Amino acid sequence: MSKYFGTDGFRGDANVNLNVEHAYKIGRFLGYYYGREHRASIVIGKDTRRSGYMFECALTAGLTASGADVYLMHVTTTPSVSYITRMDDFDCGIMISASHNPYHDNGIKLLNTNGEKMEQYVIDEVEKYLDDNGPDIPFATGDMIGKAIDYSAGRNRYIGYLISLATHSYKGVRVGLDCANGSTWMMAKNIFETLGAEVSVTGNTPNGLNINDGVGSTHIENLRRLVIGSKLDIGFAFDGDADRCIAVDEEGRIIDGDLILYIYGKYMKDRDKLANNTVVTTVMSNFGLYKAFDRVGINYEQTDVGDKYVYECMRKNGHLIGGEQSGHIIFSKYAATGDGLLTAIKLMQAMLAQKQPLSVLAAPVRIYPQILRNIRVADKDAVLKNEAVLRADKEAKEELGANGRTLLRKSGTEPVIRVMAEAPTNEEASRAVEHIIEAIRREGLAL
């Protein structure tokens, strides 16, 4: 477990547990690390948080002080930084964002030269330097000092790339967009209007303090009101840095990541385009998704929670589509990270190609009620190895049979065990969860 960086970067309350000194030192180290044999070139993007400008300046100061050239994409999406890092051969990319978190949080995401999440061994070296255990890095002097370059053209090229991937005209389609007052606040509307859609937009007035505030993919009721109230054909909600997308169909039903995986996975299978006949999910995908996959003969793999693990599985095994319930969907032929705008374009493709509304395409999936309870424990590993707890979990599974499932997993950041059950009814799922939690308490493992 890293000290500062989690599965999605170094996050924290801006200038509290993630401050400008952290950002400056990260810049100092990366400029040195990638500049040992040549002048490093590193691209930076940010979302609309007020603190993003502060962190952008601190990173730029650290990078240029170590001799690196910095290319600034300004307000843009995480997937656009990933795309430009890969396509323009940057040594690495940096995105300043805390994704779906409120404005007072921020984060620093590091991407390797392939636009993928940074390798752990590099993260380890960054963390050593943050703790003053790294190399003594000299300051660049004279003409070796780096420069900062406006690179908004990279953002525009990414927009052009997305438009080029659309296979149909959107003329006559009424689309709602919730931009979360974040990275897509300008680009999403432009993309969909360029493709011919009639666009209604909400969450597109960022002020530095309102990102994800009652809008975006984590507040889907905002988009539902827009779609239902304006009688739209489809809606898409993004998060602050647009690496995730949740849709709403014409009836106001929420089309989450699981349903997106089904709709597009089946569309690919029907065209013989689904590599290995497999979709990659996480262990938190709904039981109803797996039942639906079984009915249409699609295989699936499960990974730990986190799009990082989804992508690793896809890359290792050559799978083309995978993602999370939260809306992180990865199309590995086109991107190395979850991409909300790309997901929206691909969902439009499936809908328009099949000439069916989203409600019809999602109808075969029955989402099972899910009960998730967190229980605080002294020793997470001890719980997962306890014979009585494992026996209770087995009993709950046997009672649910083929009509449900249970899952025990430990939190990566808290002294918590997460106990989850899915079943045909809330009552059955709740009974299974309580049976397992009672065993944890009887064994004296709960705090």
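The values are calculated or read from the model by the stated rules, or taken from the named source; none is laboratory data. The structure displayed is predicted, hence computed values, not measured ones. All Cβ positions, glycine included, derive from the backbone under ideal geometry; neighbour counts span all protein chains shown.
Within the stretch 339-369, the set of residues being charged (D, E, K, R) and within 23 Å of the chain's Cα centre (by Cα) comprises D339, K346.
Only a single criterion out of (1) outside any loop (DSSP other than H, G, I, E, B); (2) in contact with a Gly (Cβ under 7 Å, 6 or more places away or on another chain) is not satisfied by Y290, namely (2).
Pairs linking a residue in the stretch 182-203 that is small (G, A, S) to a residue that is buried (at least 18 other Cβ atoms within 10 Å of the Cβ) and at pLDDT below 95, with Cβ atoms under 7 Å and 6 or more positions apart or on different chains, do not occur. Going residue by residue through the stretch 337-349, is there one that turns out to be at pLDDT 95 or above, in contact with a Lys or Arg (Cβ under 8 Å, 6 or more places away or on another chain) and surrounded by fewer than 18 Cβ atoms within 10 Å (Cβ to Cβ)? Taking every residue of the stretch 337-349 in turn, none turns out to be at pLDDT 95 or above, in contact with a Lys or Arg (Cβ under 8 Å, 6 or more places away or on another chain) and surrounded by fewer than 18 Cβ atoms within 10 Å (Cβ to Cβ).
Residue pairs whose Cβ atoms lie under 6 Å apart, sitting 6 or more positions apart in sequence or on different chains, and linking a residue in the stretch 1-29 that is assigned to a strand (DSSP E or B) to a partner that is crowded, with 19+ Cβ neighbours inside 10 Å and charged (D, E, K, R), are G9/K109; D13/D105.
Count of the stretch 241-265 residues, restricted to those that are over 16 Å from D307 (Cα atoms) and touching a residue at least 40 places away in the same chain (Cβ under 8 Å), is 12. Among the residues making up the stretch 398-423, those that are within 17 Å of S285 (Cβ to Cβ) and in contact with a Gly (Cβ under 8 Å, 6 or more places away or on another chain) are A421, E422, A423. None of Y262, Y267 is more than 20 Å from the chain's Cα centre (by Cα), under 17 Å from I330 (Cβ atoms) and of a type in the set (F, W, Y) except Y267.
Scanning the stretch 249-287 for residues that are part of a loop (DSSP other than H, G, I, E, B) and in contact with a strand residue (DSSP E or B) (Cβ under 7 Å, 6 or more places away or on another chain) gives D249, E250, D256, V283, N286. Yes or no: Y83 crowded, with 19+ Cβ neighbours inside 10 Å and among the hydroxyl-bearing types (S, T, Y)? Yes.
Evaluating S82 against the criteria (1) in a helix (DSSP H, G or I); (2) in contact with a helix residue (DSSP H, G or I) (Cβ under 8 Å, 6 or more places away or on another chain); (3) not charged (D, E, K, R) leaves one unmet condition, (2). Of all the residues in the stretch 35-58, those that are part of a strand (DSSP E or B) and under 21 Å from the mean Cα position of the chain (by Cα) number 4. Among the candidates N403, N386, the residue that is over 30 Å from G216 (Cβ atoms), modelled with pLDDT under 95 and not β-branched (V, I, T) is uniquely N403. Scan the stretch 126-142 residue by residue and report those that are in a helix (DSSP H, G or I) and free of Cβ contacts under 8 Å to residues at least 24 places away in the same chain. Within the stretch 126-142, K128, G142 meet the criteria. Of the residues making up the stretch 44-72, those that are buried (at least 22 other Cβ atoms within 10 Å of the Cβ) and of a type in the set (F, W, Y) are F55, Y71. Among the residues that make up the stretch 167-182, is at least one of them more than 21 Å from T85 (Cα to Cα), in contact with a Lys or Arg (Cβ under 6 Å, 6 or more places away or on another chain) and either surrounded by fewer than 21 Cβ atoms within 10 Å (Cβ to Cβ) or in the same structural domain as P79 (by TED's automatic domain parsing) (or both)? No, the conditions are met nowhere in the stretch 167-182.
Summed over the stretch 90-120, the residues that are closer than 17 Å to M73 by Cα, of a type outside the set (G, A, S) and touching a Ser or Thr at 6+ places or on another chain (Cβ under 7 Å) give a count of 7. Taking the listed residues G306, G318, the one that is surrounded by fewer than 20 Cβ atoms within 10 Å (Cβ to Cβ) and over 19 Å from the mean Cα position of the chain (by Cα) is G318, with no other qualifying.
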